[in-house]
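Structure, as structure tokens:
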Amino acid sequence: MKMGQVSRIRVMGFGLLALMAIELTMQLLGIHFPKMTSQSSTLRDLPSLPPPLPRTCQPKRHIVFLKTHKTAGSTILNLLHRYGDKNGLFFALPDKYQFNYPKFFNTHWVKGIKFQNRPQYDILCHHMRFSLSEVRKIMPADSFYFTIFRDPATMTESSFTYYRFTSSAFKKAPNFTAFISNPSYYYREKESYNHYARNLLWFDLGLNHNAPSTGTLARSGAQTVEETFNLVLLAEYFDESMVLLKEELCWDLDDVVTFKLNSRESSRPLEPEEVKKLRAWNSLDWYLYEYFNRTFWDKVERFGKEKMDNEVMRLRERRQQLAELCLQNLDPVRAEDIEDAFKPYQNGQENILGWALKKDLEPYIHNRCVPMVTPELQYKDLLDARQFRARIKMGHK
């Protein structure tokens, strides 16, 4: 995303009812969610689900999420925002909306890093190009690291639409069909924002996405990822991924129930031959995806197939219940049909969809529903206000 675009994003984000006093918006969002009482027992008002098995683990509170691009990362960001927000955790936030992506992550870009007596960082989850050595400088040693991958063929189709006017290679191609037919004709390594056009996963992981693809290099990259990340999720199996994440983090079901955010109005189906060509063009990413597809299903096997099926059913039932409670429509809608505070940022050729809340919700239900439909940019602004307004009031600089 270009810096000019980021500036326009900020204008839009602060249109959050013109910050309408962040105080009011924060109340609407329930930044510190009220504890459930007999009056505000939203979840108890819903049909009950089969109870989970008792646990002996402790919920993890120190988390690093590498938000890869065009992989359902915005939806995962929402659940991290909600969990950290509800539990009073301290986020490592960028000054704007990204940690100077596409540059490598550097701790100097974490807002408030030089504040005296600042709290320990609990969650790092916003856009960055990964650098393990820098991340370790600020995150606790017991942090849980996870990320999410997607088949590079469909990932490239999504990237082409979203970054059509950002990547030099995409801009040169008259259409996606032409790009698929001969990507090397349009692609130049050093031209602006071309990391979006080839091996984007490899790039986000901090690896050399333009390196000649060899079996040795691919295996080395997969080993590096496996040694760094406790869990690699798959966008194509999002619900199964949420179950595994819930188990690894020792969180509750409602912590990982989400509505899909930042989705597009339409996507272009790929022919089998196009899939083959795109996987070959993104061969380093394809190796990673195949490798971690195997490890993913190994984890599912150890978890138990029947148990997984039951947990996925519980997750989908809960999502449906909350959707019926909160949403005007059970399908996402265009930005013009959404209140300003919940409009997703629009970029590229396609409409980016979001969610419209029901009108006149009871306050306790409203507080439950609003965080689930709040896009990442607006939620980041609200977290920023919570963390740094409090420090300004205390006189910290």
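For the range 84-107, which positions are of a type in the set (F, W, Y), crowded, with 20+ Cβ neighbours inside 10 Å and at pLDDT 95 or above?
Start the filter on the range 84-107 by keeping residues that are of a type in the set (F, W, Y), which leaves 90-91, 97, 99, 101, 104-105.
Checking which are crowded, with 20+ Cβ neighbours inside 10 Å leaves us with 91, 97, 99, 101, 105.
F91, F99, Y101, F105 - these are the residues of the range 84-107 that are of a type in the set (F, W, Y), crowded, with 20+ Cβ neighbours inside 10 Å and at pLDDT 95 or above.
Taking helices (runs of 4 or more DSSP H) that do not extend beyond the range 160-242, which have at least 3 residues that are touching a Lys or Arg at 6+ places or on another chain (Cβ under 9 Å)? Answer list for the range 160-242: 168-172, 176-181, 183-186, 200-204.
Does E336 meet the test of being modelled with pLDDT under 80 and surrounded by fewer than 17 Cβ atoms within 10 Å (Cβ to Cβ)? It is true that E336 is modelled with pLDDT under 80 and surrounded by fewer than 17 Cβ atoms within 10 Å (Cβ to Cβ).
Can you go through S133, S181 and tell me which one is farther than 27 Å from L80 by Cα and surrounded by fewer than 20 Cβ atoms within 10 Å (Cβ to Cβ)? Outline the logic, then answer.
On the way: S133 fails: farther than 27 Å from L80 by Cα.
Criteria check complete, one pass: S181.
Entry remark, the range 59-94: residues being of a type in the set (A, V, I, L, M, F, W, C), under 16 Å from L249 (Cα atoms) and not in a strand (DSSP E or B) number 5 in total. Kindly list, by first and then second residue, each pair from a residue in the range 51-72 that is of a type in the set (S, T, Y) to a residue that is at pLDDT 95 or above and not in a strand (DSSP E or B), limited to pairs with Cβ atoms under 7 Å and residues at least 6 apart or on different chains. From residues that are of a type in the set (S, T, Y), the pairs are T68/L201; T68/D204; T71/R150; T71/M155; T71/A235. Beta carbons closer than 8 Å, at least 6 apart along the sequence or on distinct chains, pair a first residue in the range 371-386 that is of a type in the set (D, E) with a second that is open to solvent by 20 Å² or more (accessible area, probe 1.4 Å) and part of a helix (DSSP H, G or I) for D381/I22.
From the list L315, L330, which residue is at pLDDT 95 or above and touching an Asp or Glu at 6+ places or on another chain (Cβ under 8 Å)? First the steps, then the outcome.
On the way: L330 fails: at pLDDT 95 or above.
Criteria check complete, one pass: L315.
Within the range 108-120, restricting attention to residues that are assigned to a loop (DSSP other than H, G, I, E, B) and open to solvent by less than 60 Å² (accessible area, probe 1.4 Å), the residue that is nearest to E236 (Cα to Cα) is K111. Scan the range 253-274 residue by residue and report those that are touching a residue at least 40 places away in the same chain (Cβ under 8 Å) and open to solvent by 30 Å² or more (accessible area, probe 1.4 Å). Across the range 253-274, the qualifying residues are D254, K260, N262, R264, E265, S266, S267, R268, L270. Of the residues T75, T56, T37, only one is at pLDDT 90 or above and among the polar types (S, T, N, Q); which? Being at pLDDT 90 or above and among the polar types (S, T, N, Q) holds for just one of T75, T56, T37, which is T75. Take K299 and tell me if it is out of contact with any Phe, Trp or Tyr (no Cβ under 8 Å at 6 or more places or on another chain), at pLDDT 95 or above and open to solvent by 70 Å² or more (accessible area, probe 1.4 Å). No.
Looking at this structure, is T224 surrounded by fewer than 20 Cβ atoms within 10 Å (Cβ to Cβ) and without any contact (Cβ under 8 Å) to a residue 40 or more places away in the chain? Answer is yes for this residue. Pairs needed: first member in the range 129-142, part of a loop (DSSP other than H, G, I, E, B); second member anywhere, modelled with pLDDT of 95 or more and open to solvent by 40 Å² or more (accessible area, probe 1.4 Å); C-beta distance under 6 Å; at least 6 residues apart or different chains. Matching pairs, first to second residue: S131/F104. In summary, A141 fulfils each of the numbered conditions (1) at positive phi; (2) of a type in the set (G, A, S); (3) open to solvent by 20 Å² or more (accessible area, probe 1.4 Å) with the single exception of condition (1).
Only one residue in K276, K358 is farther than 27 Å from V243 by Cβ and modelled with pLDDT under 95. Which one?
Working: K276 fails: modelled with pLDDT under 95.
Unique residue meeting the criteria: K358.
The values are calculated or read from the model by the stated rules, or taken from the named source; none is laboratory data. On a predicted model such as this, the values are computed, not experimentally measured, just so you know. Cβ atoms come from the backbone with ideal geometry, glycine included; neighbour counts cover every protein chain shown. Accessible surface areas use protein heavy atoms only, side chains included; no ligands, DNA or RNA. Shrake-Rupley method; radii C 1.70, N 1.55, O 1.52, S 1.80 Å.
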